[in-house]
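Contents: one structure, followed by commentary.
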């Protein structure tokens, strides 16, 4: 496990200087998501330093059925390496195996596979830790008592499972007076989370906080509370730091955000791909987890915290 970036410039375009040009294909969990846009920006920056090119293609739907044909299409182009954020740890294995069987090294970022044995590396944030950070904030703000709701994109995607598990385990251990009364899974659109939250509030009017395990969850929750005149009466703690989430945080419509080091994940993936392709496998770490940072209205504008905000 590692808590710092290995990505660094090894000189001026070393791949180009060696007479080889490498191409990385990146397939995100979904397009139109600030986290993935920030991740690929970090990947491209590091790739340029190493003389490589990044191809970026995905689907707007966070689902294996939508992601599989994109991975298949990318593999058919036979890139030098594939970087992918699997939408399901098991369902995406066959498509990724197709790339591996074609001799294409594969690195996962953000989400992971159930069996990573054939992967070059798997890079992610420390999602368990992120869930614990959210639990600590909620526990302190609610003084250890109350009902909360949890929203997540997927019941199987590794990041989502770990964030919810981290939250629930930390609440049970440190704040047993706080109860998760409902866990709901939403689709990718923000409007889906908004609809789900309004239904939750109708069924559980005593809820004091909502935890959203991904950026559309927090954005949708804030919109639902605003529509019902409940802004400030129910805490919203989200994951990620999209421009919309950060704006909502500054307005007080979101209480706190657990931000990932998205750009660093992408930069590390580019570096490891280069190391794999140039025979420097000893420099690659099989598993990387980066720590999360809690953003609040009081610290989000400070340079040391503002740097974690995702790109527009």
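The values are calculated or read from the model by the stated rules, or taken from the named source; none is laboratory data. Quick caveat, the model's predicted, so the values are computed rather than measured. With ideal geometry, Cβ positions are generated from the backbone for all residues, glycine too; neighbour counts draw on all protein chains shown.
Looking at the stretch 13-121, what helices (runs of 4 or more DSSP H) fall wholly within it and have at least 3 residues that are farther than 25 Å from residue 280 by Cα?
34-49, 64-76, 93-101
Would you say residue 229 is outside the structural domain of residue 154 (by TED's automatic domain parsing), out of contact with any helix residue (DSSP H, G or I) (no Cβ under 7 Å at 6 or more places or on another chain) and either assigned to a loop (DSSP other than H, G, I, E, B) or without any contact (Cβ under 8 Å) to a residue 60 or more places away in the chain (or both)?
No.
Would you point out which residue out of 193, 174 is under 19 Å from the mean Cα position of the chain (by Cα), more than 27 Å from residue 288 (Cα to Cα) and modelled with pLDDT of 95 or more?
Testing whether each residue is under 19 Å from the mean Cα position of the chain (by Cα), more than 27 Å from residue 288 (Cα to Cα) and modelled with pLDDT of 95 or more leaves just 193.
Residue by residue through the stretch 243-258, note down the ones that are out of contact with any helix residue (DSSP H, G or I) (no Cβ under 8 Å at 6 or more places or on another chain) and surrounded by 20 or more Cβ atoms within 10 Å (Cβ to Cβ).
246, 249
Return the total of residues in the stretch 155-174 being in contact with a strand residue (DSSP E or B) (Cβ under 7 Å, 6 or more places away or on another chain) and part of a helix (DSSP H, G or I).
7
Within the stretch 295-304, can you find the residues that are surrounded by 13 or more Cβ atoms within 10 Å (Cβ to Cβ) and either assigned by TED's automatic domain parsing to the domain that holds residue 37 or without any contact (Cβ under 8 Å) to a residue 24 or more places away in the chain (or both)?
Matches in the stretch 295-304: 299 only.
Which of the residues spanning the stretch 8-52 are surrounded by fewer than 23 Cβ atoms within 10 Å (Cβ to Cβ), touching a helix residue (DSSP H, G or I) at 6+ places or on another chain (Cβ under 7 Å), under 19 Å from residue 78 (Cα atoms) and modelled with pLDDT of 95 or more?
Once the filter is applied, which keeps residues that are surrounded by fewer than 23 Cβ atoms within 10 Å (Cβ to Cβ), touching a helix residue (DSSP H, G or I) at 6+ places or on another chain (Cβ under 7 Å), under 19 Å from residue 78 (Cα atoms) and modelled with pLDDT of 95 or more, the stretch 8-52 yields 22, 51.
Applying the selection to the stretch 108-129, what residues are crowded, with 18+ Cβ neighbours inside 10 Å and over 15 Å from the mean Cα position of the chain (by Cα)?
119, 120, 121, listed by residue number.
Which pairs do you get when a residue that is free of Cβ contacts under 8 Å to residues at least 12 places away in the same chain and at positive phi, found in the stretch 42-58, comes within reach of a residue that is part of a strand (DSSP E or B) and surrounded by 24 or more Cβ atoms within 10 Å (Cβ to Cβ), reach meaning Cβ atoms under 8 angstrom, with the pair 6+ apart or on two chains?
Correct list of pairs: empty, since none qualify.
Go through (1) at positive phi; (2) touching a strand residue (DSSP E or B) at 6+ places or on another chain (Cβ under 8 Å) one by one and return the number of the condition residue 103 breaks.
Going through the list (1) at positive phi; (2) touching a strand residue (DSSP E or B) at 6+ places or on another chain (Cβ under 8 Å), residue 103 breaks only (2).
Is there any pair with a first residue in the stretch 186-200 that is assigned to a helix (DSSP H, G or I) and a second that is surrounded by fewer than 18 Cβ atoms within 10 Å (Cβ to Cβ) and at pLDDT below 95 whose Cβ atoms are under 7 Å apart and which are 6 or more apart or on different chains, and what are they?
Every condition considered, the pairs that remain are 198/228.
Look at the stretch 259-282 and say how many of its residues are modelled with pLDDT of 95 or more and touching a helix residue (DSSP H, G or I) at 6+ places or on another chain (Cβ under 7 Å).
12
When residues of the stretch 53-75 are filtered for being surrounded by fewer than 20 Cβ atoms within 10 Å (Cβ to Cβ) and either under 26 Å from residue 271 (Cβ atoms) or not assigned by TED's automatic domain parsing to the domain that holds residue 103 (or both), how many remain?
6
Considering the stretch 130-144 alone, what residues qualify as being surrounded by fewer than 19 Cβ atoms within 10 Å (Cβ to Cβ) and either at positive phi or in a helix (DSSP H, G or I) (or both)?
Hits for the stretch 130-144 are 136, 140, 141, 143, 144.
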